[in-house]
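Visitor: Pasting a structure here, questions to come.
The values are calculated or read from the model by the stated rules, or taken from the named source; none is laboratory data. The shown structure was predicted, so the numbers you read here are calculated from the model rather than taken from an experiment. Here the Cβ is made from the backbone with ideal geometry for all residues, glycine too, and neighbour counts use every protein chain on show.
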Amino acid sequence: MTRVSPFRSPLLLGFDRLEEVLDQMSKSQSDGYPPYNVIQLSEDRIRITLAVAGFSGDDLDIMVEGNQLHIKGSQTDDSAAVYLHRGIAARQFQRTFVLAEGINVEDAMLENGLLHIDVIRPDPADRVRKIAIRATPEAARRATRLKTARAGGA
């Protein structure tokens, strides 16, 4: 059976990629590590905070690829250590957030085992703009002849 997508409407221009992102996000498995919060700091600022205790800045990598924010963490085992008990494992993770169009990553800070990533959302009023309509060269010549004819006949 063929699945009909609501994003394939000719009135939704540029949303075909949205369906792919939603499918990708639903298929991606997440074990819940590391835990995170998403906090709205102001009308246009959002902070993503991940609990990354035990990771240093060198163990973490933040990258924006297209409209996706990728956060990766990897720790290496100390092979010289002899553990009598090992309750803290060296872990790896990858967490991906999908960013809406226009959202930019502004800053990242590691503080007391928490990785803070600040993103800024532009004001919707800033995205409203009037589009000028220009005439083709032939239409411009026609308009000039019409104005000339009206001026001469008046």
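Visitor: When the residues of the range 83-103 are narrowed to those that are closer than 16 Å to V38 by Cβ and in a strand (DSSP E or B), which ends up farthest from the chain's Cα centre (by Cα)?
Guide: Looking at residues that are closer than 16 Å to V38 by Cβ and in a strand (DSSP E or B), I get R95.
Visitor: Based on what the data block shows, is D107 under 30 Å from D58 (Cβ atoms), surrounded by fewer than 12 Cβ atoms within 10 Å (Cβ to Cβ) and modelled with pLDDT of 85 or more?
Guide: Criteria met by D107.
Visitor: Exactly one of (1) modelled with pLDDT of 85 or more; (2) within 18 Å of E43 (Cβ to Cβ) is unmet by R127. Its number?
Guide: For R127, the exception is condition (1).
Visitor: Read through the list (1) exposed (fewer than 15 other Cβ atoms within 10 Å of the Cβ); (2) touching a strand residue (DSSP E or B) at 6+ places or on another chain (Cβ under 8 Å), then give the number of the only condition that V128 fails.
Guide: Single failed check for V128: (2).
Visitor: Looking at (1) at positive phi; (2) in contact with an Asp or Glu (Cβ under 8 Å, 6 or more places away or on another chain); (3) of a type in the set (S, T, N, Q), find the lone condition where N112 falls short.
Guide: (2)
Visitor: Do you know which residues across the range 131-154 are surrounded by 10 or more Cβ atoms within 10 Å (Cβ to Cβ) and outside any helix (DSSP H, G or I)?
Guide: Listed by number, the list holds a single entry, A135.
Visitor: Suppose we keep only residues that are in contact with a Pro (Cβ under 8 Å, 6 or more places away or on another chain) and assigned to a loop (DSSP other than H, G, I, E, B) within the range 16-65. Which one would you say is modelled with the highest pLDDT?
Guide: Among those that are in contact with a Pro (Cβ under 8 Å, 6 or more places away or on another chain) and assigned to a loop (DSSP other than H, G, I, E, B), it is V52.
Visitor: Can you pull out the residues in the range 110-124 that are part of a strand (DSSP E or B) and farther than 20 Å from F55 by Cβ?
Guide: Residues satisfying the conditions are V119, I120.
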